[in-house]
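Q: This structure is in structure tokens; I'll ask about it shortly.
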């Protein structure tokens, strides 16, 4: 499995802690996932499909659009938004070269902007944000791939770093079974701003899929995983079939070397716009990644 974005040497203890967080995050996400049966006369109970969201099911980054929607609702300032975009872009762009400090900051601050807010309030806002900013960004080709699994009697889950509440709304809007997403800690019906374990990224996605498969009796050799990013190799390598959708350069090369199917639903213009790491591309509306630095320094976004 590829390493999470740490650089330099790590102690055995830090590696164990990292694996533990991924395991805890995966178990929490699987526990939160919905498991309704597929709407067919002849269900396939051991087969399933798992779809990444950012740049796979949706153009750009769902977490970015979520944050943008919350910013429009005055949950935080445009300056906060700039910092959030820069931090998330570093996480996606750096890959396995990010520093331990960066990863710690992202983990600690990923959901800080909803701390103290009731879950019901964020769920309601998420429904509005999906309809306003996300619905028109769903890749029709990827949605059709998901529908083929549903038509074959298989259940279909999204697997994403976005909060599980928002991920579940996206899944429902698309008629899918449910979602495996990042789980936030909740006390007395309100978010604490802390994560349960780890963000749903890299190895944590594989942990979530394995936990769900064990609980639901899925045969992973009969399952299919879809993603655009080499960061999702742990999940893609877990299932019997892996499909690279709108792949980044690294995943495209890996898919070719392993004989995986490649599906690209982007036109040339869209590929240029969305082929960058998801948060950077969405935040910059197709501009060069270097422009993120300028965004960080500005009072407003050019929206």
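Any read-out appearing in this document is the output of simple, stated calculations on the displayed coordinates, not a laboratory observation. Keep in mind it's a predicted model, so treat the numbers as computed, not measured.
Q: Could you check how many percent of all C-alpha pairs in segment 140-189 are farther apart than 17 Å?
A: So the pairs more than 17 Å apart make up 39 percent of the total in segment 140-189.
Q: In terms of the ratio Rg/(2.2 N^0.38 Å) built on C-alpha atoms, what value belongs to segment 145-248?
A: 1.09
Q: Now for a separate question. Using the Cα gyration tensor of segment 213-257, with a ≥ b ≥ c the square roots of its eigenvalues, what is the shape: rounded (a/c below 1.5), prolate (a/b larger than b/c) or oblate (neither)?
A: Note, shape of segment 213-257 comes out prolate.
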